[in-house]
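The values are calculated or read from the model by the stated rules, or taken from the named source; none is laboratory data. Owing to the predicted nature of the structure, the values given are computational and were not obtained by experimental measurement. Please note: Cβ atoms are built from the backbone with ideal geometry, for glycine as well, and neighbour counts cover all protein chains shown.
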């Protein structure tokens, strides 16, 4: 709240989402929602803490939410088989190990596309390069992940890193 009432409120929404996940939602088909809300709240909190408390552009918040959904899939993937054996039935678990692996790059590459294409003006070379790198990493992780599951997770980390780098490059559009 020291960063301002709006920034503080957004922060508390993110914390509330985390609590909702831990208290109930992680075992439901809605388990992705707290991740989306929590990740979207981070750039919102940062922007709202700036002088003048500007709301971040829609594409920054959307990319954050998509990264959150991807993080949820990636977080579950290494333990999905043991979780299923224990009866855990969160959103990624409902797809099974192969379905979750195949779905993992979708929100991450979509976040890359949003960051590359949504800001005003024509896409620049950084956006095009980032999008191509993300698609290549995601495709590699999806194909290679059939034999080595950790490859899918590693590729997701690469795509997320590309997204963060692109967000930093686009940072002047945040506030």
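State which residue is surrounded by the most Cβ atoms within 10 Å (Cβ to Cβ) when the search covers only segment 64-86 and only residues that are under 16 Å from residue 149 (Cα atoms) and out of contact with any helix residue (DSSP H, G or I) (no Cβ under 7 Å at 6 or more places or on another chain). Restricting to residues being under 16 Å from residue 149 (Cα atoms) and out of contact with any helix residue (DSSP H, G or I) (no Cβ under 7 Å at 6 or more places or on another chain), the top hit is 75.
Screening residue 110 against (1) touching a helix residue (DSSP H, G or I) at 6+ places or on another chain (Cβ under 6 Å); (2) surrounded by fewer than 22 Cβ atoms within 10 Å (Cβ to Cβ); (3) part of a helix (DSSP H, G or I); (4) at pLDDT below 95 leaves a single unmet condition, (4). Considering the conditions (1) assigned to a helix (DSSP H, G or I); (2) without any contact (Cβ under 8 Å) to a residue 40 or more places away in the chain; (3) surrounded by fewer than 18 Cβ atoms within 10 Å (Cβ to Cβ); (4) in contact with a helix residue (DSSP H, G or I) (Cβ under 8 Å, 6 or more places away or on another chain), residue 143 is excluded by exactly one of them, (4). The C-beta contact set for segment 71-97 (first residue on the phi > 0 side of the Ramachandran plot and in contact (Cβ under 8 Å) with a residue 40 or more places away in the chain, second residue in a helix (DSSP H, G or I) and surrounded by 13 or more Cβ atoms within 10 Å (Cβ to Cβ), distance under 8 angstrom, 6+ apart or interchain) is empty. Can residue 94 be described as assigned to a loop (DSSP other than H, G, I, E, B), more than 25 Å from residue 136 (Cα to Cα) and at pLDDT 90 or above? Taking the combined requirement at face value, the residue does not satisfy it. Give me the residue from segment 41-54 that is without any contact (Cβ under 8 Å) to a residue 60 or more places away in the chain and surrounded by 14 or more Cβ atoms within 10 Å (Cβ to Cβ) and, out of that set, farthest from residue 15 (Cα to Cα). Residue satisfying both the conditions and the ranking: 53.
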